[in-house]
Amino acid sequence: MTRNPSHVRLTDTLAAARMIMQAEGFKHLPVVETKRVLGVITDRDVRQHAAHLDETLVETAMTADPVTVSPDTSIEEAASVMLVKRIGCLPVVQNGGLVGIITVTDLLRALLDIARVHGH
Amino acid sequence: MPRPNSHKRANVNQHEAESGADGPLSCGHWMTAKVHTIKPLDSVAHARALIEERRINQLPVVKDGVLVGIVTDRDLRDAFNAVTTSAHAAGTIEPAPGSPEQIPVEAVMTHKAMTLTPRSSVVAAAELMRRERIGAVPIVDGHALVGIITRSDVLKAFIVRETSGLSGDRD
């Protein structure tokens with residue numbers, strides 16, 4: 001996972017969210033207030049408001065109450081959740097606070113490493 | 001971010017396991033065979049509508065059944081940004097020359113997409129995706145597009161293999 005990932009707040013604009021996504025190469029950003037994860041905003045959410053990025057707040061475009069995992073969740077379980085829910089990232093939460101984010105790309109990398117160890 | 005623009009059939013070395021298109025770890029086994037495609041002269045606006053409607057991130061561009069390129073949500077977004085910015089500046093509302101309705105997909109697509117075959121292994125697909133930072137690989141048989149394999153498809157293959165005892169048999 002990516003530790004201490006960049007995030008946005010409920011009252012940030014989509015223009016600000018998009019700027020962070022483009023600058024850092026992320027497609028998903030957790031939405032955080034006082035360490036608690038309240039939502040996730042994706043590049044797709046941003047695109048759907050493309051004409052009004054400066055006036056639209058993250059809160060109105062995000063997915064609220066996102067599925068999260070803990071640092072102890074297995075790679076297989078995280079992958080299953082992403083596949084079943086058709087989502088591309090999972091915030092990683094510990095003691096109620098955001099500690100990281102894991103993406104399909106992270107999981108593929110981990111599984112490739114496992115496959116290599118097993119000689120595939 | 002740099003993207004490949006001069007590749008064709010991916011060089012996938014030892015992982016090009018020629019185990020047959022139906023092998024349990026082959027791309028042919030895990031790919032999506034029913035692929036949404038678009039034509040080179042279709043508009044950028046049409047491509048974008050299709051991507052949003054189908055909740056996908058890339059569209060192979062096909063002419064007469066032959067793969068000629070691939071266009072991603074990022075390509076389309078960049079095209080849109082350029083156009084909406086200039087339209088704002090000009091204060092125009094009507095579709096003007098250079099608007100998303102008039103730009104053909106071929107103007108913004110990657111012309112020589114990385115491809116694999118149905119016999120390529122999903123491990124090769126995963127490595128290619130990681131190395132080239134791409135989200136999906138068109139699967140071709142000769143010149144014909146026969147499917148597409150995405151990160152999710154590869155993830156599924158890995159997970160099913162892990163949970164079914166490694167050998168790769170998912171049945």
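FYI, it's all coordinate maths here, none of it is from the lab. The structure displayed is predicted, hence computed values, not measured ones. FYI the Cβ positions are ideal-geometry reconstructions off the backbone, even for glycines, and counts take in every protein chain you see.
Assorted remarks:
- Cα-Cα over 25 Å, subset of A:K85/B:K63; A:K27/B:K156; B:K34/B:K112; B:K112/B:K156; B:K63/B:K112; A:K27/B:K63: A:K85/B:K63; B:K112/B:K156; A:K27/B:K63
- Relative contact order, whole percent, for chain A stands at 27, derived from Cα pairs under 8 Å and 6 or more residues apart.
- For B:D141, the amide hydrogen comes within under 5 Å of the amide hydrogens of B:V146, counting only partners 5 or more places away or on other chains and with H modelled in the peptide plane.
- Applying both filters, DSSP loop and at most 15 other Cβ atoms within 10 Å, to the trypsin sites (Lys or Arg not before Pro) of the stretch A:1-83 gives A:R9, A:K35.
- Mean sequence separation of contacting Cα pairs (under 8 Å, at least six apart), scaled by the length of the stretch A:65-120, corresponds to a relative contact order of 30 percent.
- Distant alpha-carbon pairs in the stretch A:35-81 (separation over 14 angstrom), percent: 59
- Here the relative contact order of the stretch A:24-64, from alpha carbon pairs under 8 Å that lie six or more residues apart, stands at 36 percent.
- Label-to-label distance, nm, for residues given as A:E33 and A:D72 (7 Å Cα→Cβ offset): 2.9
- With q set to 0.17, 0.20, 0.21 Å⁻¹, the log10 of I(q)/I(0) for the stretch A:2-117, from the Debye formula over equal scatterers at the Cα positions, is -0.80, -1.06, -1.14.
- Prolate/oblate/rounded call for the stretch A:57-106, Cα gyration tensor, a/c under 1.5 rounded: oblate
- The sum of -39500 (n - 2.57) across all DSSP H runs of n ≥ 4, divided by the residue count of chain A, sets its helix-only mean residue ellipticity at 222 nm to -10500 deg cm²/dmol.
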